[in-house]
Each structure stands twice: as C-alpha cells, then as structure tokens.
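S.K.: Here it is: the structure, laid out below.
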Amino acid sequence: MTALAPSQSDANAPRLVRGGGRGGRNRPALGRGKGLLLPVLLLVLWEALSRFGVFAPNLLPAPSKVLGAIADLAVTGELLEHIAITLYRVALGFLIGGAAATLLGAATGYSRTARELLDPLLQSLRNIPSIAWVPLFILWLGIYEASKVTLIATGVFFPVYLNLMSGIQNVDRKLVEVGRVYRLSGLQLVRRVLLPATLPTYIVGLRSGLGLGWMFVVAAEYMGASKGLGFLLVDGQMTGRPQIIIGSIALFAIFGKLTDLLLATVGERFLTWQDSFSSNHTRASADAADR
Amino acid sequence: MLRIDDLSKRFDSGVKALETVTLTVGQSEIVSLVGTSGCGKSTLLRIVGGLDFPTSGSVLIDDEPVAAPRPEIGIVFQEPRLMPWLSVADNVKFGIEDQPRPVKDELATAALAKVGLTGFAEALPRQLSGGMAQRVAIARALVTRPSILLLDEPFSALDAFTRLKLQDHLLQTWEFDRPTMLFVTHDIDEALVLSDRIIVMRGHPGRIHQEYTVDLPRPRRRTDAAFQLWKERLLTDLDLSVEA
Ligand SMILES: Nc1ncnc2c1ncn2[C@@H]1O[C@H](COP(=O)(O)OP(=O)(O)OP(=O)(O)O)[C@@H](O)[C@H]1O
Ligand SMILES: [Mg+2]
C-alpha cells in the first residue's frame, strides 16, 4: 500500500506541470496541494479495498461509512455538543495551564532566586507521567469538569513553562545590555527586550502545550465522561461501532490541526521580524511566485 | 569633562584586566584607544559607561563618580545590537521612549538623516547590510544627544570602503553636538583621521603605554604627506614597543 502510493504521485507530478503550460506559475499551487496528495490517494485506496471486501467492515469500515456515521450524529445535533464540550475543556485547560506556566516561567527565567527555589520542584513534577495524576485529581476534584480541566492544564503547563524559561535565559546578553545602557527598569526590560526576544520560543511552547492539551483531553474523557469526542471514542468501542471510533479520531486530528494552525497564524503575525531559514525560504519562493 | 583616575580592574575569575589607568578627556575631545588584543580597552570603556565596576580607582564625569549607566553617555558597541523585532526607526527611538511621540519621530528622522539612512525608517534590521545596521546603532546612540560618546571598535566588522564612509559620517555628526568621544580601534588610519589624542595601551593587565597628541589640521586627508608621516611614526613606535 505504501509502496504503491508514492509511485502514483510520481506519475502524477509531471502531468500536472505539463497541464499547467509554461511551468512556473502553477508550481506554488501544486506545492500547497502536495501535502493533500498522499492522504487523498490513501482514502481512495481504502474506500476501494473496503468495497471489494478486502477489509472486514467490523474492523475497518469504509471512509464513506465513517462519514455517514458522523453525518448522522451531526444531523441530531449531538456531534456539535461533543465537539463543543471537548473544545471548551481544551481551551480552559490551555488557558489555565498556559497562564500558570507563563507566570512561573517568566519568574524562573528572569530571577535566579525564583529559579533556584521553584525549578527543581517543577522539574521533578514534570517527570511524573501525567496520566498518573488522574486518580489523584479524581479523588480531589471529583469526576466532573474540574479534574478533567486540571489534567489538561497539567499537560499544557510543562512545555510552555520550559520553553519560556529557557527562552528568557537564552536572550542575547548583548541586547539586555542595551537595555541597561538606556536604564530600563526591571519591568521595562521584560516588556521591551525579554518578552519580544522570547516570543519565538514561547510560541513554540504554546503550540506544543496545545498539542499535549489535545492528548490529555482524550485521556481525561476516556477516563469517564458523558460527552465529548473522547466519550464518543469510548462509546464507539462499547457499542461496537468502529466507524464512530475512526470518526472521532479523525475529528481529533482535524480540530487539533485547526487550533494549532490558529495559534501558528497568530504567532506568525508577531514574528514577521524573524530572520530565519524558513522565513527567508518562504519569502524567496513568494518572490519566485510573483515573477 | 571625563576623568579616569588610577583605575584597576580584576575580574572575579582572577584575571587582571587594567592596572592604574589614569586619563583625562576634555570637553568635545576625541580620544582613540589603541592597543593589543586583550589589553583591557573594552573593559575600560564598559567601566566608563557604567556597565562594569572598577576594582579600585574611579571614573568621574564632571566630578561625579559613575556607578551605573548615565543618560549623558551614549555607547556604540562593536556589533550593532539592534532589536530584531523593531523597525529601524523604533530602534533609533529605543532610548527616548519616554518623550512625546512627535518629538520622538522628529528626533529619529533627524538622527537617521545624519547617518544617511533616510528612507529606511520602516525597514527591519534583517533587511540591512552590516554597515547600515552599524549606522542605525550610531543613530540610536546619537539621538539622545549624549555629551559623551563611547565607541568600541564600531567599524571593525566592516569592509574598508564602508569604514571610510562611516568615519566621515561620524566626524560630520560630531560637528552637531560636539560630544566628547572615547574611541577604541585597532586601525591606525582610523585613529589618525578621527582623534585629537591617541592613547596606546599595552600588557596584561593593560596600562597606558604612550600618548600622542595629533596636531594634524582638520579635515584630515589620508593621502597627505603629513598624515603618512604620522602613520609611519606610530607604526614604528608600535613595532618597537612589540620588541621591547
Ligand atoms: N567578563 C569577564 N570576565 C573575566 N575576564 C574578562 C571579562 N571580560 C574581559 N575579561 C578579560 O579581561 C582582559 C581584557 O579584555 P578586554 O575585552 O577589555 O580586551 P580588549 O582590549 O578589548 O581586547 P580586544 O582588542 O580583543 O577587544 C582579557 O584578558 C579578557 O580575557
Ligand atoms: Mg575589545
């Protein structure tokens, strides 16, 4: 299956370029579409093999069946509820975990004393596999929203915290010195030098925090929930509906990707000043596209 | 007036960088510091700028000791040290943030014009060449109208052509406010074109080894015979002192 797909995309590529006439102009469009090529091919292959009965429908239902099952849920409005509650949990956990991480990461990055006091503790807490918290959170906070959101916030916390702390510590000492030359106060230094200089790593931290948030919402909802995409996953398993399982996985993927894209887009707006390989790369190809 | 009095510096690591350096720089005087690598020129400049502390001795500006960076001192480092997230204009305004907006804009525009960068106000540092970036750094230092300007090998990373141009730029801008300048360089030509006095430092820890008052008339031309004579004299002295 995997061996087949690339050879087919190879066969496709020259045809597309030729179809576009005099090269150049079509290439960026193809570049953007390239990522979709393989998934679409696999879907088509999967659908075909399912129809020919190669895959047992009770193990791997056809994409059309998955889509149908999801559409059924959507029609009753049930799907929207599941998506909404999951998004709500991720968002709340992300906000709480992200805010706590921002405060503590800024403190430990900026102040040596704070780092020496807090960092060892936080680092050792980080080594606890986060799923291991679940029984404790349930014991303390009950089985409803609080324990779920706390678990998600725990997952979000560490990447944000670590990235922000090391980001601040790694700010170019020479730029900090320019701040000293102009007699910036501690707070001014944070706002005018440290924060903007740290933004790139901070955004990386937020993005991986969000990724972990999505991982942990599955765990939280898997442990016991009456709503949410994670619940849908369990429900599909309990009621023997693989199309629901696959459908929820796909939905997780889609919403995880969308929220990450949102964060990345917002981040990029703040980082247009960056002089990195990838930004030059896109600039160069954008130039090429204009020509 | 800037007075460096019996200044010594020993770092926590135990390295002695400076020993009993005494130097007085008059109002609007341009003084160059030359000397072998590692003899403490940057350290001296950092202490004068209030970025580091002497182990003993003192730096006085108009009879007041320097303990921290002061508003009347401008510093240009060896690297431009621009904030990469700020536009050229905002980098120039970095030190005058507390002024009203129209004042800031006007000052920045004037400072950029002085260094020949009108039209690049909205550019980002990554879009500048090394020479342009260093000129922005000079504009940033000049915009506060410092009465003392410290420059630590500001042109050493630049090609010879750009360097000549920036030396002339610097002299032109000096004409406006006539700041006192302390200028570290490795380049004898540069020292001769710019300075009223040249201080030669040597050794570990660094001491003042020799001092020249450059009496060449301004504007100085690098091709003049008198200029060449001075250059030969300095080079000979420096070579002799290497052997000594
Ligand atoms: N922060 C520091 N901690 C310890 N030692 C230092 C520090 N800064 C400088 N030194 C030492 O002090 C001495 C003088 O350094 P400095 O940078 O002032 O020399 P310099 O004359 O500017 O040299 P160059 O011409 O190469 O720039 C050197 O031996 C250097 O290793
Ligand atoms: Mg130096």
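S.K.: Please report the antiparallel percentage of DSSP beta bridges with both residues in the protein assembly as shown, rounded to the nearest 5.
M.R.: Here the antiparallel bridges make up roughly 50 percent for the protein assembly as shown.
S.K.: Can I ask one more? So what's the range B:80-145 giving for Cα Rg divided by 2.2 N^0.38 Å, two decimals?
M.R.: Here the Cα radius of gyration is 0.95 times the empirical estimate.
S.K.: Expressed as a fraction of 2.2 N^0.38 Å, the rule-of-thumb size for a compact globular protein of N residues, what is the C-alpha radius of gyration of the range B:1-126?
M.R.: 1.27
S.K.: So if we plug the beta-carbon distance of A:Asp72 and A:Tyr144 into 1/(1 + (r/R0)^6) with R0 = 35 Å, what FRET efficiency do we get, rounded to 0.05?
M.R.: Efficiency at R0 = 35 Å is approximately 0.80.
S.K.: Quote the charge dipole size of chain B about the Cα centre in Debye, to the nearest 20; the model charges only the Cβ of Lys and Arg (+1) and of Asp and Glu (-1).
M.R.: 380 debye
S.K.: Can you work out the Karplus-derived ³J(HN,Hα) for every residue in the range A:248-259? Use 6.51 cos²θ - 1.76 cosθ + 1.60 with θ = phi - 60°, whole Hz, and x for glycine or proline.
M.R.: Karplus-based 3J(HN,Hα) across the range A:248-259 equals 5, 4, 4, 5, 4, 4, 5, 6, x, 5, 5, 5 Hz.
S.K.: Would you rank A:Trp46, B:Trp174 by solvent-accessible area, highest first, keeping every protein chain in place and using a 1.4 Å probe?
M.R.: Largest accessible area first, the list is A:Trp46, B:Trp174.
S.K.: Return the sequence-ordered ³J(HN,Hα) values of the range A:89-94 in whole Hz as given by the Karplus equation 6.51 cos²θ - 1.76 cosθ + 1.60 applied to θ = phi - 60°, using x for Gly and Pro.
M.R.: 5, 4, 4, 5, x, 5
S.K.: What is the distance in Å between the Cα centroid of the range A:176-244 and that of the range B:126-162?
M.R.: A separation of 41 Å, based on Cα centres.
S.K.: Taking a label point 7 Å from the Cα of A:Lys257 along the Cα→Cβ vector, which residues of the range A:200-222 have an amide N closer than 20 Å to it?
M.R.: Counting only backbone N, you get A:207-218.
S.K.: From the protein chains alone at 1.4 Å, what is the descending order of accessible area for B:Met1, B:Met201, largest first?
M.R.: The ranking, largest first, comes out as B:Met1, B:Met201.
S.K.: Separate question: log10 I(q)/I(0), Debye, Cα-only the range B:105-244, no solvent, q = 0.09, 0.15, 0.18, 0.20 Å⁻¹?
M.R.: The computed values of log10 I(q)/I(0) come out as -0.32, -0.82, -1.09, -1.27.
S.K.: Alpha carbon centre of the range B:71-99 versus the range B:164-225: separation in Å?
M.R.: Rounded to whole Å, the Cα centres lie 24 Å apart.
S.K.: In Å and on Cα atoms, what radius of gyration and Dmax does the protein assembly as shown show?
M.R.: Values for the protein assembly as shown (Cα only, Rg and Dmax): 32.4, 99 Å.
S.K.: Any idea what the alpha-carbon Rg over 2.2 N^0.38 Å comes to for the range A:198-245?
M.R.: Relative to the rule-of-thumb radius for its length, the range A:198-245 sits at 1.55.
S.K.: Let me ask something else about it. Work out how much length A:Glu268 to A:Ser64 would gain on full extension: take 0.36 nm times their residue separation and subtract the Cα-Cα distance, in nm to one decimal. Each step should come with its number before you reach the end.
M.R.: Numbers: separation 204, 0.36 × 204 = 73.44 nm, distance 3.63 nm.
Additional length available on full extension: 69.8 nm.
S.K.: Would you grab the residues whose amide H sits under 5 Å from the one on B:Gly35? Only those 5+ places off in sequence or on another chain, please, with H modelled 1.01 Å from N.
M.R.: B:Met201
S.K.: Which residue, B:Leu182, A:Asn127, A:Ala62, has the largest displacement toward the positive end of the dipole of the protein assembly as shown when charges sit on each Cβ (Lys, Arg +1; Asp, Glu -1)?
M.R.: The one lying farthest along the dipole's positive direction is A:Ala62.
S.K.: Long-range amide H contacts for B:Ala123: which residues qualify at under 5 Å (H placed 1.01 Å from N, peptide plane, sequence gap of 5 or more or a different chain)?
M.R.: B:Val88, B:Ala89
S.K.: Inverting the mean 1/r over all pairs of different Cα atoms, compute the Kirkwood radius of the range B:52-165 and quote it in Å.
M.R.: Kirkwood radius, the range B:52-165: 15.0 Å.
S.K.: Could you work out the relative contact order of the range B:80-145, using alpha carbon pairs under 8 angstrom and six or more residues apart, expressed as a whole percent? Working shown, then result.
M.R.: Values: 83 pairs, mean separation 33.2, N = 66.
In percent, rounded to a whole number, it is 50.
S.K.: So, one more: Check which residues have an amide H placed less than 5 Å from B:Gly206's amide H, if you skip close sequence neighbours.
M.R.: Counting only residues 5 or more places away or on other chains, the set is B:Leu18, B:Glu19.
S.K.: Can you list the DSSP H helices in chain B whose Cα atoms extend at least 15 Å along the helix axis and whose mean Kyte-Doolittle hydropathy is -1.0 or higher?
M.R.: Result, helices passing both filters: B:101-114, B:130-142, B:160-177, B:225-243.
S.K.: Another one. Net charge near B:Lys9: determine it from the other residues with C-beta under 15 Å of the C-beta of B:Lys9, scoring Lys and Arg +1 and Asp and Glu -1.
M.R.: Summing Lys/Arg as +1 and Asp/Glu as -1 gives 0.
S.K.: Could you tell me the relative contact order of the range A:46-136? Use alpha-carbon pairs under 8 Å, at least six residues apart, and round to a whole percent.
M.R.: On the way: 24 pairs, mean separation 9.8, N = 91.
Relative contact order for the range A:46-136 comes out at 11 percent.
S.K.: Shifting gears a bit: Would you rank B:Val92, A:Val44 by solvent-accessible area, highest first, keeping every protein chain in place and using a 1.4 Å probe?
M.R.: The ranking, largest first, comes out as A:Val44, B:Val92.
S.K.: Another question, if that's okay. To the nearest 100 Å², how much accessible surface do chains A and B cover up together, summed over both, with a 1.4 Å probe? The partial results should precede the final answer.
M.R.: Numbers: alone 17990 and 11900 Å², together 27830 Å².
Using a 1.4 Å probe on protein heavy atoms, the buried area is about 2100 Å².
S.K.: Could you check the spin-label model distance between A:Ile249 and B:His204? Points 7 Å from the Cα along Cα→Cβ, value in nm.
M.R.: 6.4 nm
S.K.: Same structure again: Let me check I've understood the local charge: for A:Asp72, count other residues with C-beta under 13 angstrom from its C-beta, Lys and Arg +1, Asp and Glu -1. What total comes out?
M.R.: On the way: positive: A:Lys65, A:Arg241; negative: A:Glu78.
Here the count lands on +1.
S.K.: Also, I was wondering about something else. Counting only other residues whose beta carbon sits under 13 Å from that of B:Asp98, what net charge do I get with K and R as +1, D and E as -1?
M.R.: Combined, the nearby Lys, Arg, Asp and Glu give +4.
S.K.: Working from the alpha-carbon coordinates of chain B, get Rg over Rh, Rh being the Kirkwood radius.
M.R.: Dividing the radius of gyration by the Kirkwood radius yields 0.97.
S.K.: Also, I was wondering about something else. Where in the range A:183-197 does the label zone of B:Asp62 land, with the point 7 angstrom along Cα→C-beta and an amide N cut-off under 20 Å?
M.R.: A:183, by backbone N distance to the label point.
S.K.: In addition: Note down the accessible area of B:Val15, probe 1.4 Å, to the nearest 10 Å².
M.R.: For B:Val15, solvent-accessible area is about 80 Å².
S.K.: Just to confirm the filter: which chymotrypsin sites (Phe, Trp or Tyr not before Pro) across the range A:74-156 are DSSP coil and have at most 15 other Cβ within 10 angstrom of their Cβ?
M.R.: Details: sites: A:Tyr88, A:Phe94, A:Tyr110, A:Trp133, A:Phe137, A:Trp140, A:Tyr144; in loops: A:Tyr144.
Here the chymotrypsin sites (Phe, Trp or Tyr not before Pro) that fit, given the DSSP loop and packing criteria, are A:Tyr144.
The values are calculated or read from the model by the stated rules, or taken from the named source; none is laboratory data. Here the structure is a predicted model, which is why all the values come from computation and not from measurement. Cβ: placed from backbone, ideal geometry, glycine included. Neighbour counts: every protein chain shown. SASA here: full protein model, heavy atoms, side chains in, ligands and nucleic acids out. Shrake-Rupley method; radii C 1.70, N 1.55, O 1.52, S 1.80 Å.
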